[in-house]
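The values are calculated or read from the model by the stated rules, or taken from the named source; none is laboratory data. On a predicted model such as this, the values are computed, not experimentally measured, just so you know. Here the Cβ positions follow ideal geometry from the backbone for every residue, glycine too, while neighbour counts run over all protein chains shown.
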Ligand SMILES: [Zn+2]
């Protein structure tokens, strides 16, 4: 009896202390968390720490100019298990560019991310979600799947931590949410986003290049 209770106590302690137990909760569906406009020395390390500590993986849409400037942060994103997408080189309004300029924005970003060690992206998010037929042709030429979003967290527009948490609470299976790496409120919201998803049986997934929807990693 005594030995049994000791073993039971040990098992309970392990269950409480081992993060893997919570991670093993069943996933009824997957959502695509996305963070745009990085990487940077100022924000990427804290974002990656918060995601890691809360058992979340995300897609980070990097600007090529920042991938070139902060290649170590691109490698850190990959090492933390994030998926790295292309968010243009200089964050222009793409639909105002010529096809050649669009191609340059996308090509240079593919090269900067790959050169930094982030692999060659298969996903592209146009700045401001602005797209047109010419841009879709350029994306296709690079084998890129365009990913806009289902839910806009409005974190770029001064949304509160509560509002960012509530936006994530609206996500359903397969959907993608827009967030950014730079707002302090987004960083602060991450533990509550993780708890909210777990409470609804949803897990953070990758975005499928075949469908543009969130799927199992
Ligand atoms: Zn952006």
Filter the range 190-199 down to the residues that are surrounded by 14 or more Cβ atoms within 10 Å (Cβ to Cβ) and over 11 Å from residue 168 (Cα atoms), then identify the one that is farthest from the chain's Cα centre (by Cα).
-> 198
Which of the residues belonging to the range 128-143 are more than 21 Å from the chain's Cα centre (by Cα) and assigned to a helix (DSSP H, G or I)?
-> 133, 134, 135, 136, 137, 138, 140, 141
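Let's see how each residue does on (1) surrounded by fewer than 19 Cβ atoms within 10 Å (Cβ to Cβ); (2) modelled with pLDDT of 95 or more; (3) touching a helix residue (DSSP H, G or I) at 6+ places or on another chain (Cβ under 6 Å):
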{"site": "144", "(1), (2), (3)": "no, yes, no"}
{"site": "149", "(1), (2), (3)": "yes, yes, no"}
{"site": "152", "(1), (2), (3)": "yes, yes, no"}
{"site": "165", "(1), (2), (3)": "no, yes, yes"}
{"site": "172", "(1), (2), (3)": "yes, yes, no"}
{"site": "188", "(1), (2), (3)": "yes, yes, yes"}
In the range 180-193, is there at least one residue being assigned to a helix (DSSP H, G or I) and within 16 Å of the ligand (Cβ to nearest atom)?
-> yes
Name the residues in the range 144-176 that are in a loop (DSSP other than H, G, I, E, B) and in contact (Cβ under 8 Å) with a residue 40 or more places away in the chain, would you?
-> 144, 147, 149, 171, 172, 173, 174, 175
